[in-house]
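Comments concern the structure below.
The values are calculated or read from the model by the stated rules, or taken from the named source; none is laboratory data. Computed from a predicted model, the values in this text were never measured in an experiment. So basically every Cβ, Gly included, is an ideal-geometry build from the backbone, and we count neighbours across all protein chains shown. To get the accessible areas, we keep the full protein, side chains included, count just its heavy atoms, and leave off ligands, DNA and RNA. Shrake-Rupley method; radii C 1.70, N 1.55, O 1.52, S 1.80 Å.
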Amino acid sequence: MEKPGKSSAESDKPRTPQHVYSDSSTDGAVESLTKANEARLEKVIWWKVDMYILPASILIYLLSWIDRTNIGNARVAGLQDDLQLTPTEYSIALTITFIPYILIELPSNLILKIVGPNILLPTLLVCWGIVSTLQGVVENYSGFIACRFFLGFFEGGLFPGLVLYLSCFYPRDLLQLRISALFSSVALSGAFSGLLATAISKMDGVGNRPAWAWIFILEGLFTIVFGILSFWIPPQSPDTAWFLSSEEKAYVTQRLKEANSAGRDDLGQFSWREVGEAFKSPHIWFLAVNTFFGSAIVYALAYFAPSIVFTLGFSPIRTQLMSVPPFAAAFIGT
């Protein structure tokens, strides 16, 4: 017989044994345990990614800026006089770098999606390192122009490629700070370039090569060596990251999917439609204009700061050293 006040549906429900706690406090405990586990994963995972992915990315971008802008230090060390360049020819050499640099950015990122960042980024690093080194052995204007052209060709896809690469590891709420750290290496490269040029300028005459040639050769060789090592440093994606456990890989993948604004499961897949949508976004064009004006100032300082200091009457070596403080202060400010 059913007890008064109980429906047949209620009486048919399976009853929980007395030794099993099924009240709401148990659900709360499980939820707290899950949150505690997520908090632990958050702390451990992003610390690991910061240690293994971010420093390598920053160093790669740092080297690209050093190899692209050390022409300003080389000019002070006698580049323009030895190659008998007019001011106009020197300016053309600076400008020619950015023609392939701009044109290759989008195609390079599309290629990166196909071959993988762990292959393309180190390849670009080695290629522009070779070109940078060859700048130290050119003997005429034509050869120098050719080097500057191919330097821009191989470096053009680096920054957008690095941003895309970092977005494969960090969700949007964590990505912005990492990109800021990446871009701060622009200022750091100016400081390092001045310090390196100061030391290398003392090699003037070694091997019958002028100081400016050694600036290109030594800095380019370091880039080549690091580029070769980079084939074994950056993993292609979180799924191939050797420093993450299977649980951590799954957690990163889930966080990235949750951060996908469209809520899709096709994270990391290529779509021509999305390429077209990017060109329609007003945010893209606003940032493009902003970057244009910002880059004009940044490159003006990077290319001409040593020359400006040199006109104040300092020696070439003293000039290289005096160009360091503004960039060091900019790095701290950034």
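Values computed for the structure shown
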read-out: Residue match in region 260-268 (condition: in contact with a helix residue (DSSP H, G or I) (Cβ under 9 Å, 6 or more places away or on another chain), assigned to a helix (DSSP H, G or I), open to solvent by 30 Å² or more (accessible area, probe 1.4 Å) and of a type outside the set (Phe, Trp, Tyr)); value: no
read-out: Residue match in region 132-142 (condition: within 20 Å of the chain's Cα centre (by Cα) and part of a helix (DSSP H, G or I)); value: yes
read-out: Residue within region 197-211 that is within 17 Å of the chain's Cα centre (by Cα), buried (at least 20 other Cβ atoms within 10 Å of the Cβ) and of a type in the set (Ser, Thr, Tyr) present; value: no
read-out: Close pairs (7 angstrom Cβ cut-off, 6 or more residues apart or separate chains): closer than 19 Å to Ala296 by Cβ in region 73-97, β-branched (Val, Ile, Thr) and at pLDDT 95 or above anywhere; value: Ala93/Ile145; Ile96/Ile145
read-out: Output for region 155-168, where each listed residue is touching a residue at least 40 places away in the same chain (Cβ under 8 Å) and assigned to a helix (DSSP H, G or I); value: Glu155, Leu158, Phe159, Pro160, Gly161, Leu162, Leu164, Tyr165, Leu166
read-out: Test for Ser180: is it under 15 Å from the mean Cα position of the chain (by Cα) and either buried (at least 19 other Cβ atoms within 10 Å of the Cβ) or acidic (Asp, Glu) (or both); value: no
read-out: Filter pass, Leu110 being modelled with pLDDT under 90, within 29 Å of Ser193 (Cα to Cα), assigned to a helix (DSSP H, G or I) and open to solvent by 30 Å² or more (accessible area, probe 1.4 Å); value: no
read-out: Region 295-332, residues that are part of a helix (DSSP H, G or I), of a type outside the set (Phe, Trp, Tyr) and open to solvent by 70 Å² or more (accessible area, probe 1.4 Å); value: Ile297, Leu301, Ile308, Arg318, Leu321, Met322, Pro325, Pro326, Ile332
